[in-house]
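Just so it is clear, none of the values below were taken in a lab; they were calculated from the coordinates. Just so it is clear, the structure is predicted and the values come from calculations on it, not from any experiment. For neighbour counting, all protein chains shown are included, and Cβ atoms are generated from backbone atoms with ideal geometry for every residue, glycine included.
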Amino acid sequence: MKKKILVTLLSVSMVMGMLAGCTQGGAADTAPAASEPAAAAEEVTEEAAPIEENSDAGDDVTITFMASQDWIQDAEMELGEKFTEETGIKVDYQIVPSDQYESLLMTKINAGECTDIFGGQSSQFSIVTQFDVEKNAVDLSGESWAGNVDPAAAVELSAGGKLYGQPIQDVSACWAVAYNISMFDELGLSIPTNYAEFCDVCEKIKAAGITPIYECVSDGWHHVCWTEAAVAATQADPSYPDKLNNNEATFEGNPELTTMFAQLKEMADKGYMGDNYMSNEYANAPASIASGEYAMVLYNQGLGAEVNAADPDFPVDNIGYFVNPLCDNQALNVNYCGPSRFIFSGSKNIDAAKKYLEFMASDESLAYMTENVGKFNQLPYSNAPSAYSSVVQDFYDRYPNKVAVFQASVKYYNPAWMDIGADMSAMFLDEMTPEEVLKDIDKLRAEQAAAASDPAWQ
Amino acid sequence: MNRNKIYPRYFALGALIIYFVFFFLPGLIGVGYSFTDWSAYSDELHYVGFENFKTVFSADENYMKIITNTLEFTLITTVLKNVIGLILALLLTKSIRLLNMHRGIVFMPSVLSTLIIGMIFKSILDPKSGLLNSFFRSVGLEMFAKKWLVTSELAFGSVMAVDIWRGVGYIMTILIAGILSISSDYYEAAAIDGAGGWKKFRYITLPLILPTLATTTVLNVIYGLKVFDMVYALTNGGPGKATTEVLYTAVFKKFGTGQYAVGTALSSVMFVIMIFVGAYMIRVMTKNEVVE
C-alpha cells in the first residue's frame, strides 16, 4: 500500500514539476514582451533623448524584417549593410513569395510571433480591420521622420490619429499599361482611349506575331491590379464607394464592374495575354518586355529602368504609359496606399527596429533608393528627391482627372485582394463567371465586416 | 523475476496525465472553439452552436471540395506509393550491379525538404521554360508538353505525382526491409516444387510482407490526410478557387485571415474523419493477429 502511495505521489510530482517548469518558462518568455510596448511608449515620449544612446540596440542585435517578394529592393538590402556597419545592428530580411505572404503574415501576427518589422499594405481601413495596428504595431508618431511622410500617404498609415507605418514605395505611381514605344511606332499604333481601341491595338500586335500583354496570374495579386479600372464605377456614381462602405450597395449587379470583369475575361480568351499568363511570374516582366516577346504589361512608372537593367540595349525612355482602358476608363487611378514597414508590438527589438526605420527615412537613404530603384520616382517623404522622366511626366499630364482606387476608398476590399485573385483565376479557368466573382467579393467583404463587428453589417 | 507479473494500472498514470494534458485536452479545446465565433477581430467569444459546421458543409462554400480533395489525395498517393514502392523493392532486392547506389537514388528525394522539392518542381513543370516541357519539345513530343500546374484538369494530378515521386523511396526502403526478413528457405522449397516468379510473389512474398504493407499504408494515410507543404509550395491551393486545396492549406488560410472558428471547425471535421479511418485501419490490421 505504501508503495502505491509513493508511486502515485511520484507520478503526480513529476507531472506538477513539468507543468510548473512550463509555466515558469512561459512567464519568463512573455514578461519582457509584455513590458516592451510600455517601454516603447516611454521611448516616444522621451523623444529628446538621442536614439544612439539606447541600450538594447547594438552589436548583438539582429532585427528581422519579413516582407512580400518585390517589396524589399536590392538597394534596401545594400542600405541594410550600411546600417549594420554604422550601428552594429544586423538585419535579417525574410522575403516570402507573394502568393503565400498574406496568409503567412496574418498567421504570424495572429499567433503573436511576428518578425520585428513586417511589411504590409497601407490603407486607413485595412490596417485597422486586418492588422489591428493599435494592438499589433508600434506607434511611430513621435519618430523624427514621421513629419516628413506625405500627408496623403500618412492618412493611409494612421489610426486614431497615430502613425503606425512607414511607406516603402513610391505611391505616386499607379498601375497603368506600360508599352514598348518603338514597337508601337513600328506597327503604327497610337495610345488607345477606350476598350474597343485597346482591343484593336492588341489585335494588330497579335497579328505581328507578338503577345500583346504580359500577365502573371501565378503571383496571385498582379492580375487583380486590373480591377483598378473600377474607378469607372466611382466616376459613374461618386457616392458608390460610400454606399459600399455603409453596406447600402453591392459589387454584384454594378454595370461598370460587371463590364470590367467580362472584358478582362475576354482579353484572356482572345489570347491577348498569350498562352502562359497563368504561370508567368511578375519578377520576369521586365525581361519579357526587353525580349520583345511581349508589347505591354500593367506596371507602375519605373518599368523603363527595370527593362533597361534586364537589357542595357533597351533605352529607359522606350517605355510609355496609358491608363487601364477597361470600362473605357480615362481617369488616373490614384492610390496612396502601398507596401509599408510596421514594427511589431511584440518585438523585443523595438528600439533597434526604430533605428532602422529612421535610417531608411534619412535624406541619404531616400536619395539612394530613388537613384537605384527604377520605379521609385518620388518617394512619399518631403525630404525625398523627385526623379520623374519626361515620359512619366507626360503620362501624368495626359490624365488630369484623378480618382481614388477601391483599395483606398472601399472598406474590406484590400484584405480580400488575394481571394479576389483566386476568384479571378477561377474565372480565367471558366470555373466562375464575372457575376459570380462580384457576388463572392460581396461575400468576402461581408465576412470581414461581420468578423470586425462592423455596425453597417449588423 | 516473475515473468507473469502484471504491473498495476497506476503505472500508466504519469503517461496518461501527460497525454491527457498535452494532447487530448488541447484537441478537446480546439473542438470546443469550433462552436464559437472566435476570430482575430474580437476579444469576445460567443457560443454559436453548429454555425461554423453549417458553413463548412454549406453548398455555397467549397469546403466539401477541399475535404474531397484531401481524401482523394490520400487514397491515390497511398495506393500508388505502395504499388510503386513494392515494385521497386522487389527489383532492388535482386542481385543487380550497384544495388545500393540504385536504392540510394530512389530514396534520395525522401530526405530532401518538401518545400525545396516543391520549389524545384514548380520550375521543372513551368509550361513555357520548364525542364519537362523543354524535354518533350526537344524530342518531338510536343503533344505531351502540358500546363501541368495551372490548369484545373492537370494541377491536382501533377501535385500528387510529385508527392508520389518524393515519398516512394521511403516506402520502398521499408518494404525492402520486410522482403529481406523473409527466410530464403520458403523460396528454395517453392523452387523445388516448381513455382515460378509470380507464384513465389503471390504465395510467399505478398502474404509475408502484408504486416509491412499495413505499416506503410498507415504512414501514407496519416501523411495524406495531413498533407500541407507539398501543396503549399507547388500551387498554394490554386489554380482557381480550390483546385488543389486540401484541409491543412485551407485551415492555414482561415487562420491567416483571422477566422479561427471556421478553421477549428474544419480541423474538427478532419479529426472525425481521422477517427473513422484510424479505427477502420486498426481493425483491418489486427484482424489476423493471434491473441494469446
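What residues qualify as long-range amide H neighbours of A:ALA159, i.e. H under 5 Å apart, gap of 5 or more or another chain, H built at 1.01 Å from N?
A:TYR164
For a protection proxy built on the mean count of beta-carbon atoms within 10 angstrom, sort A:313-323, A:346-356 highest first, please.
A:346-356, A:313-323
Which entries of B:LYS146/B:LYS226; B:LYS81/B:LYS253; A:LYS135/A:LYS443 show an alpha-carbon separation above 31 angstrom in the structure shown?
The answer is none of them.
At R0 = 22 Å, how high is the FRET efficiency between B:PHE136 and A:ASP430 if r is their beta carbon distance? Nearest 0.05 is fine.
Plugging the Cβ-Cβ distance into 1/(1 + (r/R0)^6) gives 0.30.
Only four residue types carry charge here, +1 at the Cβ of Lys and Arg and -1 at the Cβ of Asp and Glu. Report the dipole size of chain B about the Cα centre in Debye, rounded to the nearest 20.
820 debye
Under 5 Å between amide hydrogens, which residues at least 5 positions from A:ALA249 or on another chain qualify, with H placed 1.01 Å from N in the peptide plane?
When sequence neighbours closer than 5 places are left aside, the close amide H contacts are A:LEU244.
Under a 5 Å amide H to amide H cut-off, with H placed in plane at 1.01 Å, what residues pair with A:ALA137 once short-range neighbours are removed?
A:SER345
Would you mind counting up the charge near A:PHE198? Only other residues with Cβ under 13 Å from its Cβ, with Lys and Arg at +1 and Asp and Glu at -1.
Once positives and negatives cancel, what remains is -2.
Counting Lys and Arg as +1 and Asp and Glu as -1, what is the net charge of the other residues whose Cβ lies under 10 Å from the Cβ of A:TYR368?
Once positives and negatives cancel, what remains is -4.
Please report the relative contact order for chain A, taking Cα pairs under 8 Å with a sequence separation of at least 6, and give it as a percent rounded to a whole number.
Result for chain A is 24 percent.
For the protein assembly as shown, what does -39500 (n - 2.57) per DSSP helix run (n ≥ 4), summed and divided by total residues, give at 222 nm, in deg cm²/dmol to the nearest 500?
Helices in the protein assembly as shown give a 222 nm mean residue ellipticity of -16500 deg cm²/dmol.
Report, in listed order, any pair from A:LYS82/A:LYS162; B:LYS54/B:LYS122; A:LYS265/B:LYS65 with a Cα-Cα distance greater than 27 Å.
The pairs that break the limit, which is 27 Å between Cα atoms, are A:LYS82/A:LYS162; B:LYS54/B:LYS122.
What is the sum of charges around B:ASN62, taking Lys and Arg as +1, Asp and Glu as -1, for the other residues whose C-beta is under 15 Å from the C-beta of B:ASN62?
For residues surrounding B:ASN62, the net value is -3.
Please name which of A:SER182, A:ALA446, B:ASN82 has its Cα lying farthest along the dipole of the protein assembly as shown towards the positive end, using unit charges on Cβ (Lys, Arg +1; Asp, Glu -1) and the Cα centre as origin.
Working it through, the farthest residue towards the positive pole turns out to be B:ASN82.
Going by C-beta contacts inside 10 Å, put A:GLU281, A:GLU85 in order with the fewest on the left.
Ordered from fewest to most neighbouring Cβ atoms within 10 Å, A:GLU281, A:GLU85 come out as A:GLU85, A:GLU281.
Averaging sequence separations of C-alpha pairs under 8 Å and six or more residues apart, then dividing by the length of chain B, give the relative contact order as a whole percent.
Value for chain B: 28 percent.
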